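The values are calculated or read from the model by the stated rules, or taken from the named source; none is laboratory data. What you are looking at is a predicted structure, and each value in this text was computed from that prediction instead of being measured. Note that we place each Cβ from the backbone using ideal geometry, even for glycine, and neighbour counts take in every protein chain shown. Side chains are part of the model used for accessible areas, which takes the heavy atoms of the whole protein and leaves out ligands, DNA and RNA. Shrake-Rupley method; radii C 1.70, N 1.55, O 1.52, S 1.80 Å.
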Amino acid sequence: MSRQALHERASRPFTLDGETLAVRVRESRRARMTRVIVGPRRPLEIIVPRSSSDADVDAFLESKRGWIETKVVSAREIAARPPHLGLEHPGAVPVAGGRVPVERLNGRRAVAELRDGRLLVRGPQASSTEAIERWYRREARKRMLEAVMREANRLGLQYNSMGIRDQRTRWGSCSPRGNLSFSWRLLLAPCEVLEYVVVHELLHLREPNHTKAFWRLVEAARPGWQEQARWLREHGQELHEYRPETALVGNGLPSVAPLSISG
């Protein structure tokens, strides 16, 4: 689904096991159905069509009580886990399940570029973090486009455009017009996870909703997708919380071998 203009409403109270949660309520002009978003370290959220009343919101939450309770417990367990992937490593940036050493250089303009297996970061220290994130977005666009073109050709699908963003609730989306969008943070994940998300979103061109028919398409197009989806559920929060400035901490370079990466 494409990015939506969301209007914030007053939060709604919702009690789970004696604890009252403040549910964030946002209405969408384009939403046809109500959906709930549950995630680690984020408020319980519900997105509703503009025509929905407060009573409709309360009734929907109540109808999904069991599902919400399970997801809230799971989200809190994930939030309580110690970091597992080791993304925040001084002197290196994570890419595709590996690390690329970072080298700081002098320069007037903040820019990051990959050369000989190292990420060279030039320019003022204060602007280096932004330079690294811009590089991530460029690299993600290149890799995503390669995967999208390859998989669209393999599956016989046609899309309209592809964009790179930093979504907080989705790894990718597909609009009714065939506009694809992906999070640059997928570049931190193993390649097979990135490719699974690409296939997932492309198949929404055939089936827009997560119906049984859609999951049959996914199974046929990418057998074993469950493992990649499980990886995202278990480690996705770490990807969202990663901050590129960690790579600039400390002196010297870490003792890691350069990662082979195109660029």
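Of note:
- First in segment 217-232 and within 12 Å of residue 190 (Cβ to Cβ), second anywhere and open to solvent by 50 Å² or more (accessible area, probe 1.4 Å), Cβ under 7 Å, 6 or more apart: 228/192
- Within segment 178-216, being of a type in the set (S, T, N, Q) and touching a residue at least 12 places away in the same chain (Cβ under 8 Å) holds for 179, 181, 183.
- The single condition from (1) open to solvent by 60 Å² or more (accessible area, probe 1.4 Å); (2) within 20 Å of the chain's Cα centre (by Cα) that residue 136 fails is (1).
- Residue 159 vs. criteria among the hydroxyl-bearing types (Ser, Thr, Tyr), closer than 16 Å to residue 244 by Cα and modelled with pLDDT of 85 or more: no
- Leading residue by the ranking (modelled with the lowest pLDDT) among those in segment 40-59 that are hydrophobic (A, V, I, L, M, F, W, C) and open to solvent by 10 Å² or more (accessible area, probe 1.4 Å): 44
- The set of residues from segment 87-110 being surrounded by fewer than 18 Cβ atoms within 10 Å (Cβ to Cβ) and hydrophobic (A, V, I, L, M, F, W, C) comprises just one member, 105.
- Selected residue (only one of 201, 195, 238, 219 is under 30 Å from residue 103 (Cα atoms), open to solvent by less than 80 Å² (accessible area, probe 1.4 Å), modelled with pLDDT of 90 or more and part of a helix (DSSP H, G or I)): 195
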